[in-house]
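Novice: Mind having a look at this structure? Questions to follow.
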Amino acid sequence: MADVPLVDMQARLRPLRADLIAAYERVLDRGVFVMGPEAEALEAEFAAYCGTAHAVAVNSGTAALQLALLAMDIGPGDEVITVSHTFIATVEAISAVGATPVLVDIERGTYVMDAGKIEAAITPRTRAIIPVHLYGLPSDMERVATIARTHGLRVIEDACQAHGARYRGRRTGALGDAACFSFYPAKNLGTVGEGGIVVTDDAALAGRARRLRSHGEVRRYVHDEPGWNLRLSEILAAAVRVQLPHLDAWNRQRRQAAAWYDEALAGLPVQVPSAPEGREHVYHLYVVEVDERERVRAVLDERGVGTGIHYPVPVHQQRAYGRLGLDGALPVTESIAPRILSLPMFPEITRDQVQAVAAALEAALPVRAGAVR
Ligand SMILES: *Cc1c(COP(=O)(O)O)cnc(C)c1O
């Protein structure tokens with residue numbers, strides 16, 4: 001059987017090679033390498049894509065999360081509610097600005113924030129909620145927004161895995177007070193290095209984020225407050241601009257591949273991902289749950305099928321966040337961590353490849369007592 005990798009970056013970039021090189025030449029010929037016309041055009045194009053008024057390009061998704069919090073004046077003494085089942089950067093951004101992360105459990109089956117767990121986590125110090133649209137599935141944003149409105153909290157979407165996904169017809173990015181995206185190469189929309197962006201409808205928030213991104217500068221060498229250097233390089237902005245026009249088609253291909261998987265895995269003792277009514281999944285990852293995950297994974301590896309685990313240890317059980325004292329407190333998060341398995345997923349994956357993965361998975365699965373195969 002032909003090998004099937006977890007992600008195939010070459011397949012994505014090969015058809016764009018000429019366009020990428022033309023974009024690099026454009027930047028080289030112009031001689032402006034930081035915060036020039038490419039970053040500005042990317043901001044306009046990405047804001048238009050999301051349906052927001054403003055976008056502020058930065059040098060990673062992690063920086064985008066930090067900048068959104070900083071621009072909202074969230075810092076020491078404040079609490080921010082998010083999930084433990086995420087890439088650690090979501091939680092790190094909260095601690096990086098000096099605020100305290102408060103981690104809640106996820107919904108069974110969708111792997112995103114359980115909105116029913118938010119209110120019990122709110123205290124007088126709570127300032128914001130960061131729902132993470134994990135694996136490409138939007139969180140339950142209507143319930144999150146209602147709770148936020150009731151308690152006077154801000155909502156920051158962590159959309160680093162969900163570029164282009166829709167919630168009741170509206171795209172991620174336009175579902176909260178601000179949203180953060182990553183352009184890490186393997187994301188649904190990437191660059192050829194590190195990058196990210198904050199989008200918002202709030203002009204004042206965007207203005208503050210712009211200043212904090214570049215040393216608190218209001219005009220050349222005029223600094224009204226201390227800031228950071230979170231700027232995006234022109235070459236990297238240009239590479240995102242080459243890819244953005246392909247995002248919708250790539251997401252359609254991912255959804256098609258997910259439908260092939262759903263069909264091929266039906267009837268197997270595997271839990272496949274679900275997308276509730278009104279929430280459009282863009283399958284950054286196609287994650288299933290299986291018994292005996294480590295053994296199944298080893299068999300798939302022997303058969304040339306690349307897999308991943310996103311993520312093997314929840315943030316609250318990492319040594320970095322053990323001080324939160326939440327061990328044992330997030331039952332859904334803790335119960336799925338040893339069961340989840342990410343199968344190969346990329347826009348160019350073929351139906352034959354999906355079927356080969358499904359066949360390898362079927363052969364690798366533990367035989368259930370009484371089952372006939
Ligand atoms: C990738 C990712 C980030 C961080 O983005 P970087 O560009 O790698 O800094 C944050 N949150 C989630 C959910 C991510 O997947």
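FYI, it's all coordinate maths here, none of it is from the lab. Because the structure is a prediction, the values reported are computed rather than measured. Note that we place each Cβ from the backbone using ideal geometry, even for glycine, and neighbour counts take in every protein chain shown.
Novice: Can you pull out the helices (runs of 4 or more DSSP H) entirely within segment 225-329 that have at least 2 residues that are of a type in the set (Phe, Trp, Tyr)? It would help to see each step written out before you state the result.
Specialist: Values: elements: 234-243, 247-265, 293-302.
The helices (runs of 4 or more DSSP H) meeting that bar are 247-265.
Novice: On to the next question. Quick check on my filter: what residues within segment 178-217 are more than 12 Å from residue 53 (Cβ to Cβ), hydrophobic (A, V, I, L, M, F, W, C) and out of contact with any helix residue (DSSP H, G or I) (no Cβ under 9 Å at 6 or more places or on another chain)?
Specialist: None; the set is empty.
Novice: Could you say which residue among 90, 146, 150, 126 is within 17 Å of the chain's Cα centre (by Cα) and of a type in the set (Ser, Thr, Tyr)?
Specialist: On the way: 146 fails: within 17 Å of the chain's Cα centre (by Cα); 150 fails: within 17 Å of the chain's Cα centre (by Cα); 126 fails: within 17 Å of the chain's Cα centre (by Cα).
On inspection, the qualifying residue turns out to be 90.
Novice: Can you tell me how many residues in segment 88-106 are farther than 19 Å from residue 144 by Cβ and touching a helix residue (DSSP H, G or I) at 6+ places or on another chain (Cβ under 9 Å)?
Specialist: Total meeting the criteria: 7.
Novice: Still on this structure, please answer the following. Quick one: residue 177 ticks every box in (1) out of contact with any strand residue (DSSP E or B) (no Cβ under 8 Å at 6 or more places or on another chain); (2) touching a residue at least 40 places away in the same chain (Cβ under 8 Å); (3) among the acidic types (Asp, Glu) except a single one, so which number is it?
Specialist: Answer for residue 177: the failing condition is (1).
Novice: Taking the conditions exactly as written (without any contact (Cβ under 8 Å) to a residue 60 or more places away in the chain and over 27 Å from residue 356 (Cα atoms)), does residue 293 satisfy them or not?
Specialist: no
Novice: Here's something else I'd like to know. Give segment 47-69 a look and list any residue that's within 16 Å of the ligand (Cβ to nearest atom) and either among the polar types (S, T, N, Q) or surrounded by fewer than 23 Cβ atoms within 10 Å (Cβ to Cβ) (or both), or say none.
Specialist: Across segment 47-69, the qualifying residues are 59, 60, 62, 66.
Novice: Can you tell me which of 4, 91, 34, 27 is of a type in the set (Val, Ile, Thr) and closer than 30 Å to residue 120 by Cα? Step through it out loud before you land on a result.
Specialist: Numbers: 4 fails: closer than 30 Å to residue 120 by Cα; 34 fails: closer than 30 Å to residue 120 by Cα; 27 fails: closer than 30 Å to residue 120 by Cα.
Step by step, each of 4, 91, 34, 27 is checked, and only 91 is of a type in the set (Val, Ile, Thr) and closer than 30 Å to residue 120 by Cα.
Novice: Next question. Applying the selection to segment 304-315, what residues are more than 14 Å from residue 132 (Cβ to Cβ) and touching a residue at least 40 places away in the same chain (Cβ under 8 Å)?
Specialist: Result: 304, 305, 306, 307, 308.
Novice: Moving on. If you check 34, 27, which single one turns out to be surrounded by 18 or more Cβ atoms within 10 Å (Cβ to Cβ), of a type outside the set (Asp, Glu) and within 16 Å of residue 236 (Cα to Cα)?
Specialist: 27
Rundown of residues vs (1) of a type outside the set (Phe, Trp, Tyr); (2) more than 21 Å from residue 109 (Cβ to Cβ); (3) surrounded by fewer than 18 Cβ atoms within 10 Å (Cβ to Cβ); (4) without any contact (Cβ under 8 Å) to a residue 24 or more places away in the chain, yes/no style:
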| site | (1), (2), (3), (4) |
| --- | --- |
| 320 | yes, yes, yes, no |
| 331 | yes, no, yes, no |
| 336 | yes, no, no, no |
| 341 | yes, no, no, no |
| 348 | yes, yes, yes, no |
| 355 | yes, yes, yes, no |
| 365 | yes, no, no, no |
